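A quick write-up on the structure given underneath.
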Amino acid sequence: MKKVKQVAIAGAGIGGLTAALALAKANFDVTVFEQASQLGEVGAGLQMSPNAMKVLRALGLEEALRSYAFVPQHACIRHYQSGDYYLKSPLGAAAEARYGAPYWHLHRADLHNALLDACLHAGVRVTLGCRVENYKDQEDKVSFSLSNGEQYQADLLIGADGIRSMVREQMHGQESPRFMKQVAWRGVVPVSELDGVKIQPDACVWVGPGRHFVSYYIRGGKLVNFVAVEERGDWQQESWREEGDINELRSAFSGWHPEVTGLLANAETTFLWALNGRDELTAWHQGRVVLLGDACHPMLPFMAQGAAMAIEDAHVLSQCLEQYTRAQALARYEALRKPRASKIQAMSKENAGLYHMHGGLAGRIKLQAIRAAGQFMPQ
Ligand code: FAD
């Protein structure tokens, strides 16, 4: 059996572009198809932990990203009103010394642009406005149709097409995500518009009854990113681009610490999304088709590891394809990646209620145990 040469990727998100770059650097012939007619990540922050930074460094992106990064000084968990610390764990230079790579905060658009530039430079073809619609696994090729009416063939199709993956659906059938009875609001506020509100240079989770709030700087400290999570009974739209009512958000967090209310007072817009839980898939590959990132392990955001796991997947998949024949490579990729990503997926789900102070003192003690249990940041 031969090694793969020509690779097609459905989806130019963070996972798809990282895979494209890693494969192009290893001399594969790579084409990416993206359904959106324009590339541009929606405005929100990403915490890039050292595990993901090691891959970005190996791909030569660390220097290109440095001026866009913000280096948080601590990972903190704080009381929603008093601001008392349940956890204050050093990041910054301490994290870099401990894990061998930095812990950075990035704007998604900055990471996405750096990946895209590097892909184009490495010879990746990126076709926009082209949805991969269905595939047919043939003996010597995989063929698929595109939304522009064309047919395409490759040795391998990578489904990096996100949480509502068409490739996953064709491989496994339709699934039914479960609403976790929580919604998340997100937004960014320019520091120049903070009106004197002082935000600590940390990755901070503010915990309160039935709600929590995450805040941190991005883009070299020019913007503050926030994610506010609230328990809800019935809302289920799963889109990050659903505009929310900023006044409703302000009133949901009124009475919270001045860092939180001050940030929200100066926010102009916010977006809302429903949090859905999903079970582990039985398999990540079939024949000449393989899944990566949110397409195979969509996770709740409570470990800040969705993009990091997609980046790790991309690196491992590329290395396996470099070393082995196609069937061996896909089996090895799944064996290496599935246990780790599934564990983080399960831990993210477990953390869902943890930040909402259910159980009073027991909840507090559990929070303090997060660090000991290594649940704040995987290594
Ligand atoms: P996506 O980024 O969803 O990309 C999929 C791409 O495929 C899209 O461009 C889509 O248009 C395209 N596509 C879809 N269907 C098709 C098709 N049929 N044909 C062609 N193209 C298609 N992760 C972290 O590691 N750290 C964090 O701090 C963090 N914070 C987050 C905060 C928020 C508000 C959210 C929403 C998520 C956060 N995550 C974080 C998770 C992370 O953003 C996702 O896990 C990550 O973006 C997944 O990347 P992906 O490439 O697998 O999918």
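The values are calculated or read from the model by the stated rules, or taken from the named source; none is laboratory data. Everything quoted here is computed from the prediction, not taken from an experiment. With ideal geometry, Cβ positions are generated from the backbone for all residues, glycine too; neighbour counts draw on all protein chains shown.
Is it the case, given these coordinates, that Val4 is more than 9 Å from the ligand (Cβ to nearest atom), in a loop (DSSP other than H, G, I, E, B) and either of a type in the set (A, V, I, L, M, F, W, C) or buried (at least 21 other Cβ atoms within 10 Å of the Cβ) (or both)?
yes
Which of (1) modelled with pLDDT under 95; (2) away from the ligand (no atom under 16 Å from the Cβ); (3) surrounded by fewer than 19 Cβ atoms within 10 Å (Cβ to Cβ) is the odd one out, the single condition Asn148 does not satisfy?
Of (1) modelled with pLDDT under 95; (2) away from the ligand (no atom under 16 Å from the Cβ); (3) surrounded by fewer than 19 Cβ atoms within 10 Å (Cβ to Cβ), only one is false for Asn148: (2).
When you scan the stretch 151-164, how many residues do you find that are within 15 Å of the ligand (Cβ to nearest atom) and either at pLDDT 95 or above or crowded, with 23+ Cβ neighbours inside 10 Å (or both)?
Going through the stretch 151-164 one residue at a time, the tally reaches 8.
Considering only the stretch 286-297, how many residues are over 17 Å from Leu275 (Cβ atoms) and either under 17 Å from the mean Cα position of the chain (by Cα) or near the ligand (Cβ under 9 Å from one of its atoms) (or both)?
5
If you scan the stretch 118-128, which residues turn out to be crowded, with 19+ Cβ neighbours inside 10 Å and either farther than 16 Å from Ser37 by Cα or without any contact (Cβ under 8 Å) to a residue 24 or more places away in the chain (or both)?
Result: Ala118, Cys119, Val124.
Between residues in the stretch 284-308 that are within 14 Å of Val227 (Cβ to Cβ) and residues that are more than 7 Å from the ligand (Cβ to nearest atom) and part of a strand (DSSP E or B), which pairs lie under 7 Å by C-beta distance while being six or more apart or on different chains?
Leu300/Met180; Leu300/Leu275; Leu300/Gly277
Is there a residue being within 18 Å of Gly162 (Cα to Cα), within 16 Å of the ligand (Cβ to nearest atom), buried (at least 22 other Cβ atoms within 10 Å of the Cβ) and touching a residue at least 60 places away in the same chain (Cβ under 8 Å) anywhere in the stretch 318-341?
Within the stretch 318-341, not a single residue is within 18 Å of Gly162 (Cα to Cα), within 16 Å of the ligand (Cβ to nearest atom), buried (at least 22 other Cβ atoms within 10 Å of the Cβ) and touching a residue at least 60 places away in the same chain (Cβ under 8 Å).
Of the numbered conditions (1) within 10 Å of the ligand (Cβ to nearest atom); (2) under 18 Å from the mean Cα position of the chain (by Cα); (3) farther than 20 Å from Tyr324 by Cβ; (4) buried (at least 22 other Cβ atoms within 10 Å of the Cβ), Ala44 satisfies every one except a single condition; which is it?
(4)
With (1) among the hydrophobic types (A, V, I, L, M, F, W, C); (2) under 23 Å from Ser143 (Cβ atoms); (3) near the ligand (Cβ under 10 Å from one of its atoms) as the list, and Phe28 as the residue in question, which single condition is left unmet?
(3)
Any chance you could count how many residues in the stretch 168-216 are within 13 Å of the ligand (Cβ to nearest atom) and of a type in the set (Ser, Thr, Tyr)?
Number of matching residues: 2.
Out of Gly60, Gly83, Gly123, which single residue is of a type outside the set (Phe, Trp, Tyr), within 30 Å of Pro209 (Cβ to Cβ), away from the ligand (no atom under 15 Å from the Cβ) and assigned to a loop (DSSP other than H, G, I, E, B)?
One residue alone meets the criteria, Gly83.
When residues of the stretch 149-166 are filtered for being within 14 Å of Asn134 (Cβ to Cβ), of a type outside the set (A, V, I, L, M, F, W, C) and outside any strand (DSSP E or B), how many remain?
4
Specify the residue that is nearest to the chain's Cα centre (by Cα); the eligible residues are those in the stretch 16-41 that are modelled with pLDDT of 95 or more and among the charged types (D, E, K, R).
Looking at the filtered set, the residue picked out is Glu34.
Give the residues of the stretch 263-297 that are part of a loop (DSSP other than H, G, I, E, B) and either small (Gly, Ala, Ser) or surrounded by fewer than 22 Cβ atoms within 10 Å (Cβ to Cβ) (or both), sorted by residue number.
Those that are part of a loop (DSSP other than H, G, I, E, B) and either small (Gly, Ala, Ser) or surrounded by fewer than 22 Cβ atoms within 10 Å (Cβ to Cβ) (or both): Asn266, Ala267, Glu268, Thr269, Arg278, Asp279, Glu280, Leu281, Thr282, Ala283, Gly287.
If you check every pair at least six apart or on different chains, which have Cβ atoms under 9 Å apart with a residue in the stretch 173-190 that is of a type in the set (S, T, N, Q) first and a residue that is part of a strand (DSSP E or B) second?
Sorted first by the residue in the stretch 173-190, then by its partner, the pairs are Gln182/Val229; Gln182/Glu230; Gln182/Glu231; Gln182/Ala274; Gln182/Leu275.
Please work out which residue is farthest from the ligand (Cβ to nearest atom), limiting yourself to the stretch 298-308 and to residues that are touching a helix residue (DSSP H, G or I) at 6+ places or on another chain (Cβ under 6 Å) and in a loop (DSSP other than H, G, I, E, B).
Leu300
Pairs needed: first member in the stretch 129-149, without any contact (Cβ under 8 Å) to a residue 60 or more places away in the chain; second member anywhere, within 15 Å of the ligand (Cβ to nearest atom) and acidic (Asp, Glu); C-beta distance under 8 Å; at least 6 residues apart or different chains.
Ser145/Glu133
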